[in-house]
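The values are calculated or read from the model by the stated rules, or taken from the named source; none is laboratory data. Not measured: the values here are computed from a predicted model. When we count neighbours, we look across all protein chains shown, and the Cβ atoms used for this are built from the backbone with ideal geometry, even at glycine.
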Amino acid sequence: MTVPDERVTTLSNVYHSKRTIYTTIEFCDIAGLVKGASKGEGLGNKFLGHIREVEAIVHVVRCFDDENVVHVDGKIDPVNDIEVINTELIIADMEVMERRIAKTEKQAKADKSARGELDLLKRIYDLLSEGRRAREIDDLSDEEAAFVKSLDLLTYKPVIYAANVSEDDASGGDNEYVKAVREYAEAEGSEVVVISAKVESELAELEDDEREMFLEEMGIEEAGLDKLIKSSYALLDLISFLTTGEDETRAWTIKRGTLAPQAAGKIHSDFEKGFIRAETIAYDKLMEVDGKLSAAKEKGWLRSEGKEYVVKDGDVMHFLFNV
């Protein structure tokens, strides 16, 4: 899905670009879990196999009443729904950890260096045994955190709760269900995005100008899906740098903390191999001079950055390279 970015639209208009390309984020729509999924109920292990491949989880939680839409448990209780899912994920992770611990115990008998890994695995297992998620583990070194991430534990993945409300609640304040989800999410340090699936399905059938009119009539400042996309992008610690000109304006996705040569490599591997320097200016500064690079240079806002430069979100960049 396209990541909404007004900066790309503005730059494209300023430079009359022939092409405008927004960055994207991929969502994998997976049917929900039911109680007993870790033992094969419902989609069971098929679901769990799919979810292990993702970077983060968007947990859509029902926060509306509708007698025509039956709930699998016969009642609307979003916090209970969340806890049912969490329990299944915890059980599935425990099974993974039991196999990993058994394997590592054998290695540790012959290789003392594996004992540290074994201790960490047991710490995670003990946490899961208490009904807590792997992401609650603390005091990890960078190396340990990388190792835990490599385990692909379901409960180590970051989560956003998408509170699915009725069309009537899409533009108003939180209903009681959403308030309960927010309280739960706050306790675990997760974010909540309010979204109405019904409204989003209607928006999907409209052109851009019609979408804006529809949202305005509904009293909605921003589409729920757009908010969810932006929140997911931030959750994964992603940022965008921009390139622009008459031919093309484009946003490029990189991890926060990426150095200039690696950012250049997102465009083409030759850019990274032969990187010389990057000419860069913050988007806001460029807009202060209406996109005129000559004026930005006079003010000292157009900078020349080397290999150690950490790219910032919204940097408008031009790379110089030689291969």
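Before moving on, here are some points about what is shown:
- Residues of the range 262-301 satisfying the condition of being among the hydroxyl-bearing types (Ser, Thr, Tyr), assigned to a helix (DSSP H, G or I) and either within 29 Å of the chain's Cα centre (by Cα) or within 18 Å of Phe241 (Cα to Cα) (or both): Ser269, Tyr283
- Of the candidates Ala260, Ala234, Ala278, the single residue that is small (Gly, Ala, Ser), in contact with a helix residue (DSSP H, G or I) (Cβ under 7 Å, 6 or more places away or on another chain) and either touching a residue at least 12 places away in the same chain (Cβ under 8 Å) or surrounded by fewer than 16 Cβ atoms within 10 Å (Cβ to Cβ) (or both) is Ala278.
- Scope the range 123-167; condition more than 20 Å from Ser190 (Cβ to Cβ) and touching a residue at least 60 places away in the same chain (Cβ under 8 Å); matching residues: Ser166
- Subset of the range 262-320 [among the acidic types (Asp, Glu) and over 20 Å from Asp5 (Cβ atoms)]: Asp270, Glu272, Glu279, Glu298, Glu305, Glu308
- Scanning the range 302-316 for residues that are part of a loop (DSSP other than H, G, I, E, B) and surrounded by fewer than 16 Cβ atoms within 10 Å (Cβ to Cβ) returns Gly306, Lys307, Glu308, Lys312, Asp313.
- Looking only at residues in the range 55-81 that are touching a Lys or Arg at 6+ places or on another chain (Cβ under 7 Å), among the aliphatic types (A, V, I, L, M) and assigned to a loop (DSSP other than H, G, I, E, B), the one that is modelled with the lowest pLDDT is Ile76.
- Any chance Glu176 is of a type outside the set (Ser, Thr, Tyr), without any contact (Cβ under 8 Å) to a residue 40 or more places away in the chain and within 24 Å of Asn68 (Cβ to Cβ): yes
- Against the conditions (1) part of a loop (DSSP other than H, G, I, E, B); (2) crowded, with 17+ Cβ neighbours inside 10 Å, Gly245 satisfies every one except (2).
- Test result for Ile101, within 30 Å of Glu117 (Cα to Cα) and modelled with pLDDT of 95 or more: yes
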